[in-house]
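The values are calculated or read from the model by the stated rules, or taken from the named source; none is laboratory data. This structure is a prediction, so every number in the text was calculated from the model and none was measured. Here Cβ is always computed from backbone atoms with ideal geometry, including for glycine, and neighbour counts include all displayed protein chains.
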Amino acid sequence: MRGIALMVVLTFVCGICGITSGLPPGFCLGDDGSFALGVFAPQKTPSGEESILLNEIQAFRDSSGKNPALGVFSDEWMTDRKFPSESASILRNEGMVPYIRLMMRSTDTPYQKEPLYTLNNIALGKFDGELRAWAREARSFGSPILIEYGTEINQWGYPWNGYWNGEKKGLDSFRDAYRHIVTIMKEEGASNLIWIYHVNAESQPVEEWNNMSLYYPGDEYCDLVAISLFGTKKPFEAGTKPFKETLDATIYTLQNGSIQKPILLITGTDVQGRFADPSTFVTNVLSPLSEKVWPQVKALIWLNAAWKNDNNPLHDTSMRLQDNSTVANAFKTSLQSIQVQEHLTCS
């Protein structure tokens, strides 16, 4: 019996080691039981996700009482196709690792078929010149960069989702495009890029072909998994599904699809919700992390953003902690019981 028990322990430990290995030198992510804090703080508009606003990052620092180790922004190819060296450098100078969302699309208007940066065009190499130049600049950056393509792949608001690409056929097309991008950038020696497979906790549309694990390009192409799971997205929403149960189900779906990479949890909630208490949401997110309920979760990234939903200002959404001191205090207090990794670069 003691031999069986020892084998179980060794299997568990090896499993945890397995999901954290394979990351590039100089990048350490939660190997000591801690987790990293990140922030995505775009402009207070529906777009502007490619901007780095230092005052917004500082506001998040003040509200959370911690230094974020990850800074998220979008690289919008509808604007240009160059490596965003200035934005990445700003974040590095602030002590953060850049997390770049590679948005190869012609518009940020949702629910549209992509006319130019299609999955097939990417896989056929029609943008190889730009991708190779991007990779060379990324290599020259010289320090770790997190990067994703196919943001929230199982959400049909984005043009890379299967809905716009032949449904089930679109899964194959996405894997081909993703693998092609990674292969091109590895050929250019951009070994400092850490590749992320990004899903939403709930698939839309809810169809069998749109299972979040079926788009996965393979372990050799992905280093980490990001999961988006939000609370209320508008102040007048009545509530959402229970956070823990939803994340449990998401992790189970990924594991059932043989996806066992370290997880970055991307979350947020409307801090001025009228029918759902945002402070309770914060507690429901951070308490399980303090109890190490999800050892796979290595980072929490807060969407510290605000936007308009219609012409009524009372309907505006804000997930910015600085816009509600009660929610910010709940966030800061909950973090005190958690070992937060404030720097991801290591020797």
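Out of all the residues in region 333-347, which are surrounded by 17 or more Cβ atoms within 10 Å (Cβ to Cβ) and either outside any loop (DSSP other than H, G, I, E, B) or among the charged types (D, E, K, R) (or both)? Let's see the steps before the verdict.
So in region 333-347, the residues surrounded by 17 or more Cβ atoms within 10 Å (Cβ to Cβ) come out as 334-335, 338, 340-341, 344.
Of everything in region 333-347, those that are surrounded by 17 or more Cβ atoms within 10 Å (Cβ to Cβ) and either outside any loop (DSSP other than H, G, I, E, B) or among the charged types (D, E, K, R) (or both) turn out to be SER334, LEU335, VAL340, GLN341.
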Of the residues that make up region 179-186, is at least one surrounded by fewer than 22 Cβ atoms within 10 Å (Cβ to Cβ) and either of a type in the set (Lys, Arg) or on the phi > 0 side of the Ramachandran plot (or both)?
-> yes
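Return the residues of region 134-183 that are β-branched (Val, Ile, Thr) and touching a His at 6+ places or on another chain (Cβ under 6 Å); say none if nothing qualifies.
Listed by number, the list holds a single entry, THR151.
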Would region 252-260 turn up any residue that is in contact (Cβ under 8 Å) with a residue 40 or more places away in the chain, in contact with a Lys or Arg (Cβ under 8 Å, 6 or more places away or on another chain), in a loop (DSSP other than H, G, I, E, B) and surrounded by 15 or more Cβ atoms within 10 Å (Cβ to Cβ)?
-> no
If PRO42 passes every condition in (1) of a type outside the set (Asp, Glu); (2) out of contact with any Gly (no Cβ under 8 Å at 6 or more places or on another chain); (3) assigned to a loop (DSSP other than H, G, I, E, B) but one, which one does it miss?
-> (2)
Failed item, numbered, when SER191 is tested on (1) hydroxyl-bearing (Ser, Thr, Tyr); (2) touching a Pro at 6+ places or on another chain (Cβ under 7 Å); (3) buried (at least 16 other Cβ atoms within 10 Å of the Cβ) | (3)
Identity of the residue in region 78-90, outside any loop (DSSP other than H, G, I, E, B) and surrounded by fewer than 23 Cβ atoms within 10 Å (Cβ to Cβ), that ends up nearest to the chain's Cα centre (by Cα) | SER87
Any residue in region 133-147 that's without any contact (Cβ under 8 Å) to a residue 12 or more places away in the chain and closer than 8 Å to ALA190 by Cβ: show its pairings with residues that are β-branched (Val, Ile, Thr) and not in a loop (DSSP other than H, G, I, E, B) at Cβ separation under 6 Å, as long as the two are six or more apart or on different chains.
-> none
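Looking at THR232, THR246, which one is crowded, with 22+ Cβ neighbours inside 10 Å and of a type in the set (Ser, Thr, Tyr)?
Numbers: THR246 fails: crowded, with 22+ Cβ neighbours inside 10 Å.
Answer to the selection: THR232.
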Which residue, of LEU286, LEU321, is closer than 20 Å to GLU56 by Cα, at pLDDT 95 or above and in contact with a Ser or Thr (Cβ under 7 Å, 6 or more places away or on another chain)?
-> LEU321
Sort through ALA276, ALA328, ALA299 and tell me the only one that's over 18 Å from SER64 (Cα atoms), small (Gly, Ala, Ser) and either modelled with pLDDT of 90 or more or out of contact with any helix residue (DSSP H, G or I) (no Cβ under 9 Å at 6 or more places or on another chain) (or both).
-> ALA276
Log entry, pairs with first residue in region 47-66 being in contact (Cβ under 8 Å) with a residue 60 or more places away in the chain and buried (at least 19 other Cβ atoms within 10 Å of the Cβ), second being in a helix (DSSP H, G or I) and of a type in the set (Lys, Arg), beta carbons closer than 6 Å, six or more apart or on different chains, reads SER64/LYS332
Of the residues in region 331-347, how many are out of contact with any Lys or Arg (no Cβ under 7 Å at 6 or more places or on another chain), more than 14 Å from THR267 (Cα to Cα) and modelled with pLDDT of 90 or more?
-> 9
Checked region 91-109 for anything under 11 Å from MET78 (Cβ atoms) and in a loop (DSSP other than H, G, I, E, B); matches are MET104, ARG105, SER106, THR107, ASP108, THR109
Across (1) more than 30 Å from PRO313 (Cβ to Cβ); (2) over 17 Å from the mean Cα position of the chain (by Cα); (3) of a type in the set (A, V, I, L, M, F, W, C); (4) part of a loop (DSSP other than H, G, I, E, B), VAL271 clears everything bar (1)
Scanning region 128-172 residue by residue, those more than 21 Å from ASP108 (Cβ to Cβ) and hydroxyl-bearing (Ser, Thr, Tyr) turn out to be SER140, SER143
Among the residues of region 305-328, how many are acidic (Asp, Glu) and closer than 14 Å to LYS233 by Cβ?
-> 2
Cβ-Cβ under 6 Å pairs, at least 6 apart or on other chains, region 19-40 side polar (S, T, N, Q), far side modelled with pLDDT of 90 or more | THR20/PRO262; SER34/GLN339; SER34/GLN341
What is the number of the single condition among (1) within 20 Å of the chain's Cα centre (by Cα); (2) over 16 Å from ILE266 (Cα atoms); (3) assigned to a helix (DSSP H, G or I) that THR326 does not meet?
-> (1)
